[in-house]
Amino acid sequence: MKLSIETPLIHSPKLSQLNHCQVWLKMESSQPTGSFKLRSIGRACQMHAEEGAKHFICSSGGNAGIAVAYAARMLNLKATIVVPETTSNKAQDLIKQQGAHLIVHGASWVEANSLALSLVDKDSVYIHPFDDPLLWEGVADLIDEVIQAGLNPDAVVLSVGGGSLLSGVIQGLDRHNINIPIYAVETEGTASLNAAMQAGKHIALEEVTGIATTLAAKQVCKEAFELSQNHQVHSLKVTDQETVSSCFAFLDDHRTLVEPACGASLSILYQQKIQFEPHENVLVIVCGGAGINLKQLTAYTQ
Ligand SMILES: *Cc1c(COP(=O)(O)O)cnc(C)c1O
C-alpha cells in the first residue's frame with residue numbers, strides 16, 4: 001500500500017480572478033502528514049522497508065521528520081528524528097505523537113544532520129530530507145495525478161527549500177514531455193536556489209534566516225541546481241511578511257492553514273507578481289506544512 005494519498009486538485013476562483021488566468025491548486029496540504037513530504041519520504045521509507053530496513057534515521061526541519069515518523073509507524077518500524085532548535089513545538093509534538101524518538105540538536109539543519117548521520121549503524125537506514133533520487137521519484141507522481149485529472153498546466157508555481165519538490169515536479173513533467181515555465185519561490189532569508197542561479201554555480205549560502213524554517217537549506221541539492229540550468233526555471237523571492245499575509249488570505253479563501261514555506265508560493269499569486277495569459281492554466285503546488293498553528297501565525301504578524 002502506498003503511504004501517500006491522491007490529493008485534491010481544485011480550481012481557485014479567487015486567485016484566478018486576481019491573476020486573470022485559471023489557477024489550480026494541488027492540495028498537498030491534504031496528505032495525512034500535512035505536506036508533500038509523504039510522497040518523497042514515503043517512497044524512500046517503503047523501498048528501504050522492502051529491502052529489510054528496521055530503523056529509519058532522519059534529520060529534518062519538521063515535515064520530513066513527521067513523514068518519516070508516520071511511515072515508520074505504518075510500516076511497524078523504528079524511527080529516530082533529529083531536528084534543529086528552530087523546529088516549531090507543533091512539529092516536534094507531531095513527531096512524538098507518531099511514536100518516533102525525537103532529538104533536538106543544533107542551531108540549524110546542518111548540525112542536526114551531522115548528528116543524524118553519526119547515529120547510523122548497521123541496523124538503521126539514513127533518510128535524507130531532500131537529496132535522493134527515490135524522493136524525487138515519489139514527488140513526480142503528483143504530476144501524473146494532475147495529468148490524469150485532465151489538466152494540462154501552462155506553468156507551475158512551487159516553493160524551494162532543498163529542492164526535492166522542484167526536482168520531483170520537473171521529473172513528473174518530463175515523464176509527460178511537458179516543458180513549461182516553473183516559478184521557483186523562496187523567501188529572502190532562504191534563497192539558496194536564487195543565489196546559485198545568479199552565480200551560475202552550485203553555491204551555498206553562509207546562513208539562512210527568517211520564519212520559513214522549512215525552506216532553510218543553505219544549499220539546494222545538485223539535481224535541483226542542474227535542472228534549473230536546463231529547464232525553464234524562474235527564481236522569485238518574497239518577504240517573510242508576504243508569506244504570512246498569504247497564509248491568512250489562503251485560510252480565509254480555501255479554509256486551509258499552511259506554513260509560511262507554502263505561503264511563499266501563494267504570495268506570488270496574491271501579490272500578482274507574474275503576468276499570465278487569460279487562457280493559461282497555472283498549477284500551484286500547495287505544499288502544506290504541519291508545523292504551524294493559528295497562534296504562531298498570528299505571532300508572526302506582531
Ligand atoms: C520540505 C518542504 C518544502 C521545501 O521542499 P524542498 O523539497 O526541500 O525544496 C516546502 N514546503 C513544505 C511545506 C515542506 O515540507
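Flag set for Ser16, criterion: surrounded by fewer than 24 Cβ atoms within 10 Å (Cβ to Cβ), hydroxyl-bearing (Ser, Thr, Tyr) and away from the ligand (no atom under 16 Å from the Cβ).
Any chance region 81-97 includes a residue that's farther than 28 Å from Gly210 by Cβ and either of a type outside the set (Ser, Thr, Tyr) or crowded, with 17+ Cβ neighbours inside 10 Å (or both)? Checked region 81-97: no residue is farther than 28 Å from Gly210 by Cβ and either of a type outside the set (Ser, Thr, Tyr) or crowded, with 17+ Cβ neighbours inside 10 Å (or both). Residues of region 211-243 that are β-branched (Val, Ile, Thr) and farther than 22 Å from Asp131 by Cβ: Ile211, Val238, Thr239, Thr243. Among the residues of this structure, Ser192 does not count as one that is polar (S, T, N, Q), surrounded by 14 or more Cβ atoms within 10 Å (Cβ to Cβ) and more than 22 Å from His128 (Cβ to Cβ). Exactly one residue out of Gly189, Gly172, Gly106, Gly162 is among the small types (Gly, Ala, Ser), in contact (Cβ under 8 Å) with a residue 12 or more places away in the chain, assigned by TED's automatic domain parsing to the domain that holds Cys45 and in contact with a helix residue (DSSP H, G or I) (Cβ under 9 Å, 6 or more places away or on another chain), and it is Gly106.
Is there a residue being farther than 21 Å from Ile57 by Cβ, of a type outside the set (Asp, Glu), modelled with pLDDT of 95 or more and touching a helix residue (DSSP H, G or I) at 6+ places or on another chain (Cβ under 6 Å) anywhere in region 140-154?
Step one: filter region 140-154 for residues farther than 21 Å from Ile57 by Cβ, giving 140-154.
When the remaining residues are screened for being of a type outside the set (Asp, Glu), the result is 140, 142-143, 146-153.
Narrowing further to those that are modelled with pLDDT of 95 or more: 140, 142-143, 146-153.
Now drop any that are not touching a helix residue (DSSP H, G or I) at 6+ places or on another chain (Cβ under 6 Å), which leaves 140, 143.
So far as region 140-154 goes, yes, one or more of its residues are farther than 21 Å from Ile57 by Cβ, of a type outside the set (Asp, Glu), modelled with pLDDT of 95 or more and touching a helix residue (DSSP H, G or I) at 6+ places or on another chain (Cβ under 6 Å).
Looking across region 147-189 at every residue that is crowded, with 24+ Cβ neighbours inside 10 Å and in a helix (DSSP H, G or I), the one that is farthest from the ligand (Cβ to nearest atom) is identified as Ile170.
For region 26-75, which positions are of a type in the set (A, V, I, L, M) and within 14 Å of the ligand (Cβ to nearest atom)? Give the derivation first.
Going residue by residue through region 26-75, those that are of a type in the set (A, V, I, L, M) are 27, 38, 41, 44, 47, 49, 53, 57, 64, 66-69, 71-72, 74-75.
Within region 26-75, Met27, Leu38, Ile41, Ala44, Ala64, Ile66, Ala67, Val68, Ala69 meet the criteria.
I need the full set of residues from region 76-88 which are at pLDDT 95 or above and either within 13 Å of the ligand (Cβ to nearest atom) or over 16 Å from Leu115 (Cβ atoms) (or both), in order please.
Answer for region 76-88, where residues must be at pLDDT 95 or above and either within 13 Å of the ligand (Cβ to nearest atom) or over 16 Å from Leu115 (Cβ atoms) (or both): Asn76, Leu77, Lys78, Val83.
Pairing each residue of region 265-293 that is over 18 Å from Gly163 (Cα atoms) with any residue that is of a type in the set (Asp, Glu) and not in a loop (DSSP other than H, G, I, E, B), provided the two are 6+ apart or on different chains, yields C-beta distances under 7 Å for Ser267/Glu242; Gln271/Glu242.
Can you say whether Ala204 is within 15 Å of the ligand (Cβ to nearest atom) and either touching a residue at least 24 places away in the same chain (Cβ under 8 Å) or crowded, with 19+ Cβ neighbours inside 10 Å (or both), as far as the supplied structure shows? In short, no. Within region 191-200, the set of residues being within 16 Å of the ligand (Cβ to nearest atom), farther than 19 Å from Ile274 by Cα and either touching a Lys or Arg at 6+ places or on another chain (Cβ under 9 Å) or not in a helix (DSSP H, G or I) (or both) comprises Ser192 only.
Report whether or not Asn63 is surrounded by 24 or more Cβ atoms within 10 Å (Cβ to Cβ) and either of a type in the set (Gly, Ala, Ser) or touching a residue at least 12 places away in the same chain (Cβ under 8 Å) (or both). It would help to see each step written out before you state the result.
On the way: surrounded by 24 or more Cβ atoms within 10 Å (Cβ to Cβ): yes; either of a type in the set (Gly, Ala, Ser) or touching a residue at least 12 places away in the same chain (Cβ under 8 Å) (or both): yes.
Yes: the conditions hold for Asn63.
The values are calculated or read from the model by the stated rules, or taken from the named source; none is laboratory data. Keep in mind it's a predicted model, so treat the numbers as computed, not measured. All Cβ positions, glycine included, derive from the backbone under ideal geometry; neighbour counts span all protein chains shown.
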